[in-house]
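The values are calculated or read from the model by the stated rules, or taken from the named source; none is laboratory data. As the structure is a prediction and not an experimental result, all values here were calculated from the model. To get the accessible areas, we keep the full protein, side chains included, count just its heavy atoms, and leave off ligands, DNA and RNA. Shrake-Rupley method; radii C 1.70, N 1.55, O 1.52, S 1.80 Å.
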Amino acid sequence: MPMPEPVVLPSPAEMQAYARRAAAAGRSVGFVPTMGALHKGHLSLVERARAENDLVVASVYVNPTQFDNPEDLKKYPRTFDADKALLAKAGTDAIFAPGDGAMYDPDARTWVEVGDLPDRLCGLSRPGHFRGVCTVVTKLLSIVRPDRAYFGLKDYQQFRIVEVLARDLNLGCAIVPCPIVREDDGLACSSRNVRLAPAHRREAVWLNNVLRHAEARILKDGERDALKLAGELYELLERNTSAEIDYLAIVDALHFADLRKIEGEVLIAAAANFGKVRLIDNTRLSV
Ligand code: AMP
């Protein structure tokens, strides 16, 4: 049987009215925020939300305040009709798709910031990015009022910052982490992958290869020297790709502090530019 069409809500007021009706009917809401250009990584979040809630709301909104690079914002793929069809097939009940001017009042002056967690990893080369993310996520959660919100671990730093934000502001919404979905060769699915030149697409698989190498060195060989292993990973990525490496870090998974010794909850994360396309990947290990 074909899934019913999701209702498209183009303004915060309409989304809020929908959320109020859901609450009045005692129906739980699972929320999947996205910037569109959907792929199977996004859809895995929708499927999880579908399994755990009465209603599923997805948002499709390219949030301008989280782009530190205007060129990146301009080039961000926008594929709403295809996104809507995919969301319908995955069983989405409502799509919150605010137009470009609908989310921020022209006089807006409120920002949400989460301590020093944005000062590491991606935040270092993307000034203001997480301030934009935290602000839009706070706005989205206050508009949609979900019981649970689903975030992909591909953007691990984002997930962790949002988890802390929801805890610190008592947002009353569970932040649910979802595993990284990959292409057949191991490259993490990303809306940016379509912009890779063919040669870069072939090389990009090394972002995942170095993480698998790290796992083997830690879990099989018992390597515990973070500096030594980071150097090894850097060299491996440099030797096998033409990418400009932004960072390759071995840090504590909760606060992103550098580790000397690999132990506890460990995050190994990498970001690299393949041509003009910035890709990220990570793995989290309990050591
Ligand atoms: P975006 O549209 O890039 O803002 O991503 C929306 C949500 O989808 C975020 O929570 C991402 O972490 C998540 N996501 C993106 N790519 C993947 C992936 N390959 N696997 C799992 N989740 C993903």
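Percent antiparallel among DSSP beta bridges with both residues in the chain, to the nearest 5?
Percent antiparallel among DSSP bridges in the chain is about 50.
Under 10 Å, Cα contacts only: if you run a Gaussian network model on the chain, which one of ALA214, ALA108, ALA85 comes out with the highest mean-square fluctuation?
Looking only at ALA214, ALA108, ALA85, the biggest GNM fluctuation is shown by ALA108.
How large is the direction-averaged shadow of the alpha-carbon convex hull of the chain, in nm²?
Working: hull surface 62.7 nm².
For the chain, the mean projected area of the Cα convex hull comes to 15.7 nm².
Over segment 193-286, how many percent of alpha carbon pairs lie in each 10 Å bin up to the one with the longest distance?
P(r) for segment 193-286, in whole percents per bin: 17, 50, 26, 7.
Please find, in a Gaussian network model of the chain (springs between Cα atoms separated by less than 10 Å), the residue of GLY128, GLY101, GLY231 whose mean-square fluctuation is greatest.
Looking only at GLY128, GLY101, GLY231, the largest GNM fluctuation is found for GLY101.
Which entries in the list LYS75/LYS228; LYS40/LYS276; LYS40/LYS74; LYS154/LYS261 go over 29 Å, if you measure between the two C-alpha atoms of each?
LYS75/LYS228
If I require 24 Å or longer along the helix axis, counting alpha carbons, and a Kyte-Doolittle average no lower than -1.0, what helices from the chain are left? Use full DSSP H segments.
Values: long enough: 198-215 (28 Å, -0.83).
Going by DSSP H runs, the hits are 198-215.
With a 1.4 Å probe and every protein chain kept in, tell me what percent of the accessible surface of the chain is carbon plus sulfur.
Taking all protein chains in place, the chain shows 52 percent carbon and sulfur surface.
Suppose the chain between VAL287 and ARG21 were pulled fully straight at 0.36 nm per residue; how much longer would it get relative to their current alpha carbon spacing?
91.2 nm
Please give the per residue accessible area of the chain, computed with a probe of 1.4 Å over protein heavy atoms only, in Å². Could the numbers behind the result be given before it?
Working: 13650 Å² over 287 residues.
Value returned for the chain: 48 Å² of accessible area per residue.
For the chain, what is the mean residue ellipticity at 222 nm derived from helices alone (per DSSP H run of n ≥ 4: -39500 (n - 2.57); sum divided by total residues; nearest 500 deg cm²/dmol)? Don't skip to the answer; put the middle values down first.
Numbers: 9 runs with 108 residues, N = 287.
Rounded to the nearest 500, it is -11500 deg cm²/dmol.
For segment 225-268, what is the Kirkwood hydrodynamic radius in Å, using each pair of distinct C-alpha atoms? Mind dumping the intermediate values first?
Details: mean 1/r = 0.0908 Å⁻¹.
Hydrodynamic radius (Kirkwood, Cα only) of segment 225-268 equals 11.0 Å.
Between LEU254, LEU233, LEU153, where does the largest GNM mean-square fluctuation fall for the chain, given springs only between Cα atoms within less than 10 Å?
LEU254
Post the alpha-carbon centroid distance, segment 119-154 to segment 16-71, in whole angstrom.
Comparing the Cα centres of segment 119-154 and segment 16-71, I get a distance of 13 Å.
Give me log10 I(q)/I(0) at q = 0.14, 0.16, 0.25 Å⁻¹ for segment 1-66, Debye formula, one equal scatterer per alpha-carbon, no solvent.
Values returned for q = 0.14, 0.16, 0.25 Å⁻¹ are -0.47, -0.62, -1.30.
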